[in-house]
Each structure stands twice: as C-alpha cells, then as structure tokens.
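FYI, it's all coordinate maths here, none of it is from the lab. The structure displayed is predicted, hence computed values, not measured ones. Neighbour counts are summed over all protein chains in view; Cβ atoms, including those assigned to glycine, are modelled from backbone coordinates with ideal geometry.
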Amino acid sequence: MLKVLQKIFKSNTILKTGFNLNIPYRRSSGRVCFVSDDLQTIKIKIPLTYKNKNYIGTMFGGSMFAATDPIYMMQLITILGNNYVVWDKAGSIQFKRPVTKTVFANFIITNEFLKQIENDINKYNEKDYCLKVNLTDKDGVTYAEVERVIYIASKFYYKNKKH
C-alpha cells in the first residue's frame, strides 16, 4: 500500500497525514504541522485542550511526552531506508514550567548527523544516539526538554546478531 501511495503523494505528505490520522498519536493531542520535503524537519504542536488538561488546569505531562515519542524514530526510519534498523530505545522529559498554552517542537535531522550515522554504522554496526528536542511556546519560552535514545544498526548486522 505504501508503494502505491508513494506513486501518488510525496513522502512528506504521507508522513504528516499518517501521523495525524494515527489514533494513538491523535490521543496524545499532538499534531504534525509541517514535514519538509527531505523529511529532515518535522514540526509539531500540542494545543492545551480539555483532552490534555490535568487537575490544576495545566497540560498533562504524558501528553507532551507521547506527542514527541514517535517522531525521531519514524523520521529516521523513513530517511535511512531499508538497510537500517531503528528503535526508540529510551526517553526522558524534564519539565521546566507548567504549560498553560499551545507548545511546539521542531525535530531536525542534519546532513552532518546522517553522515555520522552512516560512518558509525559502517564502523560499529550499531549505535545508540541521544537526540533532544524542546517544547516551547510561540515566543520561544521552553516548557520542557525531551531526550530520546535511538538505536540504529545495519539490517544485516541486526538480523545476524545473537539477541
């Protein structure tokens, strides 16, 4: 099915629409607002609504964490292609201040980082990468810092690895 969609739509349109229609992702209250043509930049927003307000009227931390959860992994799976295995291995969130408004996050994968992955995997076959993203308001004030540990390996190495 994906092959058929790729003949009709650009990869960035498929990725954005896929996230926004995915029921578990929708339940986080996060929405993908932008995906660049090269898939290296994804922007999300998490509006404060009755669906994610906690007892004291601020945003539930689980919504913030869940809305950021799959982005780096899906971004890298799509960019790197079929020769790699990509897993979201761990995550953490540091809250800086209560969220009382819409917050945003920009997930950016640079060309330099992609080259580093290629070099590392050629040399070590597998590696963990720590990627960070901040949740900010429209003025750039940081409300939370999210860290994701992403495991990447060559598919050949991973298939033959003793687990």
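Using Cβ point charges alone (K and R +1, D and E -1), the dipole size of the chain about the Cα centre works out to roughly 500 debye. Across the cross-link table entries Lys115/Lys159; Lys10/Lys101; Lys10/Lys159; Lys45/Lys132, which are compared at the Cα atoms, the separations over 25 Å belong to Lys10/Lys101; Lys10/Lys159. Per-residue ellipticity at 222 nm from helix content only, as computed over the chain with -39500 (n - 2.57) for each DSSP H run of at least four residues, stands at -10500 deg cm²/dmol. Compactness of region 17-87 is given as radius of gyration and Dmax, 13.7, 47 Å, from Cα positions.
Taking Cα atoms, how many degrees apart are the long axis of helix 111-124 and the longest axis of the chain, rounded to 10 and kept between 0 and 90? Once rounded, the angle reads 50 degrees.
When the dipole is taken about the Cα centre of region 114-163, and only Lys, Arg (+1) and Asp, Glu (-1) are charged at their Cβ, what size is it in debye, to the nearest 20?
On the way: 10 positive and 8 negative charges, 100 e Å.
Value, rounded to 20: 480 debye.
Only one item in (1) 1.05; (2) 1.43; (3) 1.10 matches Cα Rg over 2.2 N^0.38 Å derived from the coordinates shown, and that item is (3). Axis of helix 71-80 versus longest Cα principal axis of the chain: the two differ by about 30°, to the nearest ten degrees.
Only Lys, Arg, Asp and Glu carry charge here, each on its Cβ (+1 for the first two, -1 for the last two); on that basis region 1-91 has a dipole of about 320 debye about its Cα centre. Partners of Lys162 within straight-line reach, counting lysines whose Cα lies under 21 Å from its Cα and excluding those fewer than 8 residues away in the same chain: Lys89, Lys123, Lys127.
How many percent of all Cα-Cα pairs in region 8-56 sit more than 17 Å apart?
Roughly 40 percent, once rounded to a whole number.
The ratio of the alpha-carbon radius of gyration of region 86-163 to the globular-protein estimate 2.2 N^0.38 Å is 1.40.
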